[in-house]
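Enquirer: Have a look at the structure that comes next, please.
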Amino acid sequence: MTARVGVLALQGDVREHARVLTALGAEVTLVRRPGDLASIDGLVLPGGESSVIDKLSRAFEMREPIRDAIAGGLPVYGTCAGLILLADRLENPIAGQQTFGGLDITVRRNAFGGQIESFETDLVAPGSEPRFDPPVHAAFIRAPLVVEASAAVRVLATLPPAVGGGIVAVARGDLLATAFHPEVSGDTRFHELLLERIAERRVGGAR
Ligand code: GLN
């Protein structure tokens with residue numbers, strides 16, 4: 001069965017995600033209204049500006065429905081601003097900024113200042129997971145960093161020690177988040193993880 005994947009289309013790099021998901025065989029829905037959540041098997045929260053997506057989600061009355069969907073076990077993948085939106089805690093929110101939450105992590109927004117505000121690097125995958133060989137080559141664009149993660153959260157990738165070794169990809173249950181943009185660099189492995197999670201839930205009879 002074709003997976004029906006929504007991309008939250010309030011702001012951000014919606015088209016890049018839609019392109020990757022379509023190439024992987026998913027049927028993509030652009031999610032703008034609460035009703036759009038009813039017919040999807042999974043959701044992508046794109047990169048962009050997390051505080052803007054937060055404000056728009058409240059203006060469009062999407063915040064509570066998305067929180068409910070996350071609580072209900074909808075598989076969700078957030079990149080960059082999307083990772084920020086999945087964090088339970090922000091170290092440096094702008095005034096009044098909220099997240100959807102779901103991942104027991106603390107995130108620092110715009111963690112890489114000055115010269116390396118945007119950069120690319122090969123990542124380190126703890127536990128030498130075969131999926132991440134060859135290593136993920138990641139693009140960081142005004143990227144956040146996971147500065148604290150509860151023991152229940154699985155670390156999928158970190159920066160190399162030479163760039164500080166920080167946590168940049170995490171998962172727990174139905175939630176997956178990366179501080180970088182595989183949809184920009186053409187790496188499909190994280191979107192594949194989302195689609196696998198969706199398939200597993202179907203086998204498990206969750207819907
Ligand atoms: N700096 C942005 C934020 O705080 C995230 C950047 C991105 O998504 N590329 O939301």
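The values are calculated or read from the model by the stated rules, or taken from the named source; none is laboratory data. This one's a predicted model, so the numbers in the text were calculated from it and none came from an experiment. What goes into the accessible areas is simple: the full protein's heavy atoms, side chains included, and nothing from ligands, DNA or RNA. Shrake-Rupley method; radii C 1.70, N 1.55, O 1.52, S 1.80 Å.
Enquirer: Output ³J(HN,Hα) for the stretch 98-106: one whole-Hz value per residue in order, computed from phi by the Karplus curve 6.51 cos²θ - 1.76 cosθ + 1.60 with θ = phi - 60°, and x for Gly and Pro.
Expert: Here the 3J(HN,Hα) series is 10, 10, 6, x, x, 9, 7, 9, 10 Hz.
Enquirer: Measuring with a 1.4 Å probe in the full set of protein chains, what accessible area per residue, in whole Å², belongs to the stretch 127-207? Intermediate values should be presented prior to the final figure.
Expert: Details: 3640 Å² over 81 residues.
Averaged over the residues of the stretch 127-207, the accessible area is 45 Å².
Enquirer: To the nearest Å, what is the center-to-center distance of the stretch 50-116 and the stretch 125-184, using C-alpha atoms only?
Expert: 17 Å
Enquirer: Right, another one. What does the convex hull of the Cα atoms of the stretch 81-203 come to per residue, in Å³, rounded to a whole number? Spell out each step's value before the answer.
Expert: On the way: hull volume 13.6 nm³, N = 123.
Roughly 110 Å³ of hull volume per residue.
Enquirer: So, one more: Run the 1.4 Å probe and let me know the accessible area of Phe112, rounded to the nearest 10 Å².
Expert: Using a 1.4 Å probe on the heavy atoms, I get roughly 20 Å².
Enquirer: Count the DSSP beta bridges whose two residues both fall in the chain, then state the antiparallel fraction as a percent rounded to the nearest 5.
Expert: 50 percent
Enquirer: Could you give the Stokes-Einstein D for the chain in µm² per second, using the C-alpha Kirkwood radius, 25 °C, 0.890 mPa s?
Expert: Working: Rh = 16.8 Å.
Approximately 146 µm²/s, per Stokes-Einstein.
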